[in-house]
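Q: Encoded as structure tokens, here's the structure I'll be asking about.
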Amino acid sequence: LAQALHHPPRRGPGRALCSAATRRPAMVDNFSREDVMTYTAQLRAHATAKEKLQLQETMGPRKEDMSLGEALEEVITTMQTDKFWVDLAKPLSAAREALEVGANRVSRQRAAELIRECIKQVAGLKHYFLMEQPVLQNAAALLEDEAQQATLASFLPGVRTTRSPETEAALAKGVEERDKREQKAMQASEGPWHFVEVDNKQDVTVNIAVPASTQKSDISVTFFPSKLRVAVKGHERQPAIIDGELAGKVDPESCSWTLEGSGEKRRLCLELEKTMGGLMWHRLLSISR
């Protein structure tokens, strides 16, 4: 905490900066207890928001409308991920807490006032929270319409995100990259081969590194409708490199293999043709093998 207090929250463009030569070591004694507690709360909120954002990145873009509670939580998380904007989220957190205690006329009115307070604060920020502002306007209006009897579970029609399209695209890309990493890790754990599969393609390719001296006569490959056996003399994996149930069915008559490359790049290349081309395997062998 003492180290963090070397750099307290920014207080505006007029804040003076000390040179490295004149700056005194920051000591907790230089700050009031209230300052320490406030900054500690900001650090904690920032860390929690980053964890929530990482979780949201794994889930990807939403496919259904958000509830009032979900929208408020997402805006709060967005603000708290940058330590400079942590305080902006306070009215929204208070609004959410007011509705959590009990959704009645008084709490709805109080929550709407707090949301409007946040809107007023961010309205002066020309390039920030442009997507969040209309969502917060809708949330306040919903709470102010007593006929709606709104709660945190009430849906905001048409609202599926409070973030910009650029942020949503980044989240989607993050999910895609995570899936690729997981798939690559899963394939690597299968065995000493590289499994290549393309969406909506009927063929799959399996590349196996083999000793540089390997000849066709050293190779034994047997294709079955739902099994595969591959053995190579001189390979470290014996008696067979592959011998198990496939993740899907193939047409043995349409499957083939070739020996390619030389030296360290010598490899056995298998081409398998699925009987159901549109079905993704994601791996070569069945998990239950």
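The values are calculated or read from the model by the stated rules, or taken from the named source; none is laboratory data. Small disclaimer: the values here were computed from a predicted structure and weren't measured. Please note: Cβ atoms are built from the backbone with ideal geometry, for glycine as well, and neighbour counts cover all protein chains shown. With ligands, DNA and RNA removed, areas are computed over all heavy atoms of the protein, side chains included. Shrake-Rupley method; radii C 1.70, N 1.55, O 1.52, S 1.80 Å.
Q: Hey, can you tell me all the residues within region 229-266 that are of a type in the set (S, T, N, Q) and in a strand (DSSP E or B)?
A: Residues satisfying the conditions are Ser256, Thr258.
Q: Do we find a residue being open to solvent by less than 60 Å² (accessible area, probe 1.4 Å) and more than 18 Å from His194 (Cα to Cα) anywhere in region 224-239?
A: Checking region 224-239: at least one residue is open to solvent by less than 60 Å² (accessible area, probe 1.4 Å) and more than 18 Å from His194 (Cα to Cα).
Q: Further question on the same structure: Return the residues of region 105-128 that are open to solvent by less than 70 Å² (accessible area, probe 1.4 Å) and either under 13 Å from Leu72 (Cα atoms) or charged (D, E, K, R) (or both); say none if nothing qualifies.
A: Arg108, Ala111, Ala112, Leu114, Ile115, Cys118, Ile119
Q: Continuing with the same structure: Which one is modelled with the lowest pLDDT among residues in region 57-98 that are closer than 25 Å to Glu113 by Cβ and open to solvent by 70 Å² or more (accessible area, probe 1.4 Å)?
A: Phe84
Q: Hey, another quick one. For region 244-269, how many residues are within 15 Å of Pro225 (Cβ to Cβ) and surrounded by 14 or more Cβ atoms within 10 Å (Cβ to Cβ)?
A: Qualifying residue count for the region: 10.
Q: Of the residues that make up region 274-286, is at least one part of a helix (DSSP H, G or I) and surrounded by 13 or more Cβ atoms within 10 Å (Cβ to Cβ)?
A: Within region 274-286, none of the residues are part of a helix (DSSP H, G or I) and surrounded by 13 or more Cβ atoms within 10 Å (Cβ to Cβ).
Q: Here's something else I'd like to know. Output the number of residues of region 193-223 satisfying the condition of being part of a loop (DSSP other than H, G, I, E, B), crowded, with 16+ Cβ neighbours inside 10 Å and of a type outside the set (Phe, Trp, Tyr).
A: Summing the residues that are part of a loop (DSSP other than H, G, I, E, B), crowded, with 16+ Cβ neighbours inside 10 Å and of a type outside the set (Phe, Trp, Tyr) in region 193-223 gives 3.
Q: So how many residues does region 79-116 have that are without any contact (Cβ under 8 Å) to a residue 12 or more places away in the chain and touching a Ser or Thr at 6+ places or on another chain (Cβ under 8 Å)?
A: Count: 1.
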